[in-house]
1. For segment 1-72 and segment 74-120, what is the centre-to-centre distance using only Cα atoms, to the nearest Å?
2. How much net charge surrounds Glu195 when only other residues with a Cβ under 9 Å from its Cβ are counted (Lys, Arg +1; Asp, Glu -1)?
3. Can you give me the Cα centroid spacing of segment 331-354 and segment 248-276 in angstrom?
4. I need two numbers for segment 9-312: Rg to one decimal and Dmax as a whole number, Cα atoms only, in Å.
5. Suppose a student asked you for the relative contact order of segment 9-312, using Cα pairs under 8 Å spaced at least 6 residues apart; what percent would you report?
6. 7 Å from Cα along Cα→Cβ at both Arg44 and Gln265: what's the point-to-point distance in nm?
7. For the pair Asp378/Glu238, report the inter-label distance in nm, with labels modelled 7 Å from Cα in the Cβ direction.
8. Note the full-extension length gain between Lys405 and Ala335 as 0.36 nm times their separation in residues minus their Cα-Cα distance, in nm to one decimal.
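Laboratory data are not the source of any read-out in this text; all were calculated from the coordinates shown. Computed from a predicted structure; not experimentally measured. With ideal geometry, Cβ positions are generated from the backbone for all residues, glycine too; neighbour counts draw on all protein chains shown.
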Amino acid sequence: MRAGRILDPALEQETAAERERRLSRRLLEAVAHARAGSAYFRRRLPEKVERLEQIPILKKDDVPSLQAAEPPFGGLIAVDAARLARIFASPGPIFDPQGDVEDFWRFRLALAAAGFRAGDVVLNSASYHLTPLGFMLDSAARSLKCVVIPAGTGQTDLQAGIAASLRATAYLGTPSFLYALLKRGRELGRPLSIEVAFVTAEMLPDSLRADLENDFKVRVLQGYGTADLGLLAYECAEKGGMHLHPECILEVLDLESGAPAAPGQPGQLVATIFDETYPLLRFATGDIGTLAPPARCPCGRTAPKLAGLLGRVGDAVKVKGMFIRGAEIEKALKAFPGIARFQAVITRDHHQDHLEYVLELSPGAAVDVSLVADALRDAVKVRGEVRAGSLPEGAKRIDDRRVWK
């Protein structure tokens, strides 16, 4: 398997003292810029900010209501909207702006660590439709002089055939779809030439990584980010956690007290980025994770590591790389008054997610399950099976039964 590389030694190998000084300076610059350019932060920031913890936390779940009250961006952007390159609509809905700069979401360090190099033909199977992940990965690969096939999601046979015909050497997208592509290419008698993959947007269990690396000989590294914030952490060849991206601050805060969590202690991930367009300060992602104990990584990178992701705050769950939320499901089902209650059940088989909706109907009511399935697909952007049934008292709106091994 090919090796990765450190793309920016000055950032990726700085000392802890250098990192602290640089991030403190960047934070104060970001605060000044946000106060000057963002109506939201002008209202919310204290008159004087000297430390990170003085900045009020902004919850991701509050963004839809902020944007609805002050369209289109809730006063969060700090430049004129005419300077944006693109606008995306993530589930929520949340409108995410893209600034007009190269590698706006900071993924290029991660792709270099994974082993991407100039001249790679890259199959990008992340979505280019309204949500930003396809463009996030595309722009990073292009910044490294890779050639990108903008495949998007779905159409496994077509993508496998294209990847084989064009001799794609690298892959971007979810790990489960990579496995499906490689397996299908083999079944079609057209094994793919993919050597390296950077995967994100869903869990990468050890069993799936082992199948990809041992059975298909693909080097697979992963990263963590969000549609709002871009990349926040990424793996090196040593694995054992993901290095925090040097161009952001990622806090892990205790779920009850809000104080910084000790290494190994679960907490909500709260991020600060220094983007001129979208200067999100102390943005609570809703994801739960842990920091790894301090240790020197043999790869040479010095940033602390995010040990892993453990779940979500609330009932938002990621399925096939997309978030589904109980509130969005409930809103879509209001068009069908015969439905008394619902439950979304998520399971996993052969490295693939499966989503099923169980609908409990009111006495004497009937619904067309195909129409319900279409409405849910439009609302949450993930296809699921729909059936009528009964639900126990106190049933959760979303029941995630997946086991990650």
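1. Taking the Cα centre of segment 74-120 as reference, the centre of segment 1-72 is 15 Å away.
2. +2
3. Cα centres, segment 331-354 to segment 248-276: 31 Å.
4. Looking at segment 9-312, its Cα Rg and Dmax stand at 19.5, 65 Å.
5. Averaging sequence separation for qualifying contacts and normalising by length gives 17 percent for segment 9-312.
6. About 2.5 nm, to one decimal.
7. 5.1 nm
8. 21.3 nm
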